[in-house]
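What follows is calculated from the coordinates using simple rules that are stated; it is not laboratory data. Computed from a predicted model, the values in this text were never measured in an experiment. Here the Cβ is made from the backbone with ideal geometry for all residues, glycine too, and neighbour counts use every protein chain on show.
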Amino acid sequence: MTSSDWGTWLLDDIEDADPDTVAVWYLGCNGFVLKADDGTTVFIDPYLGTGEPPHTVRMIPVPFDPEDVAEADAVFGSHEHLDHVHGPSQAPILANTGADFYTSDSGHEVIAEEDWTGEWGVEDDQLHEITEGDTVEVGAHAGDARPGEFEPVGERYDIDLGVLAFGTVGNPRDPESGERVRTRWYNDENMVVEAANDLQLDRLLPSHWDMWKGFTTEPTVLHNHAATFPYPERLEIAEIGDRVDL
């Protein structure tokens with residue numbers, strides 16, 4: 001685990017914010033904080049670690065220390081990978097705020113392996129398993145865990161802002177052998193635009209492009225790739241610490 005050299009300014013901005021609808025702060029990687037007009041605050045995939053060098057090497061600042069988070073109603077871990085469910089990044093938030101944590105069955109395997117209840121004092125009743133099709137209510141707001149087919153989701157919902165992981169094919173060192181292995185973790189330009197059209201996104205915010213050494217890319221190239229397609233209607237480029245409003 002590492003410490004942030006940003007102090008608490010980003011957390012202070014979030015706590016002081018009074019959005020008219022929902023404000024979204026990008027934490028880098030695939031991390032976000034959402035704050036609604038009623039004050040409900042939700043963290044999604046906050047990852048504050050440095051990776052597992054030399055396999056994965058963090059390329060952006062750590063935006064805050066998890067122990068400094070004073071307001072959170074819920075934290076979501078989208079899946080079991082290190083940068084999505086990570087005890088040192090997320091368990092202190094739960095312990096300090098009493099927030100609920102939602103993740104998949106494989107995410108709960110990580111929680112058990114890292115012993116969140118014993119190591120950080122997280123209570124069992126804060127930990128919830130969600131599966132495809134579940135509806136979760138946080139404050140006065142609800143969200144659905146949608147299945148993997150994008151086109152039906154785009155037909156059913158009017159999506160103001162969609163987030164899609166974007167990056168290059170990398171050649172990282174295998175953590176066991178040390179040999180370099182050609183690896184695709186994220187969507188390329190054409191895959192992102194195809195998904196945005198299936199989802200009929202009003203706005204597309206690319207994520208993950210900034211995080212890992214060897215997998216970073218330039219998100220503004222998506223302007224060219226999306227130019228002749230109906231969606232997204234607008235490309236929303238956010239850097240770590242930026243705020244976007246719905």
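Here are some notes:
- Once backbone amide H atoms are built at 1.01 Å from N, Val163 has Leu205 as its partners under 5 Å, excluding neighbours fewer than 5 places away on the same chain.
- Across the chain, the mean sequence separation of Cα contacts (distance under 8 Å, 6 or more residues apart), normalised by length, yields a relative contact order of 20 percent.
- Put in order of Cβ neighbour count within 10 Å, fewest first, the listed residues His128, His84 become His128, His84.
- Cα-based Rg / Dmax (Å) for the stretch 1-131: 14.0, 43
- Sparse-neighbourhood loop sites, chymotrypsin sites (Phe, Trp or Tyr not before Pro) in the stretch 153-240 - DSSP loop, at most 16 other Cβ within 10 angstrom: Tyr157, Trp185
- Within the stretch 150-172: backbone nitrogen closer than 19 Å to the Phe229 label point (7 Å, Cα to C-beta): 150-169
- Dipole magnitude of the chain about its Cα centre (Cβ charges: Lys, Arg +1; Asp, Glu -1), debye to nearest 20: 1180
- Equivalent ellipsoid semi-axes, the chain, via Cα gyration tensor eigenvalues times 5, rooted, Å: 26, 24, 18
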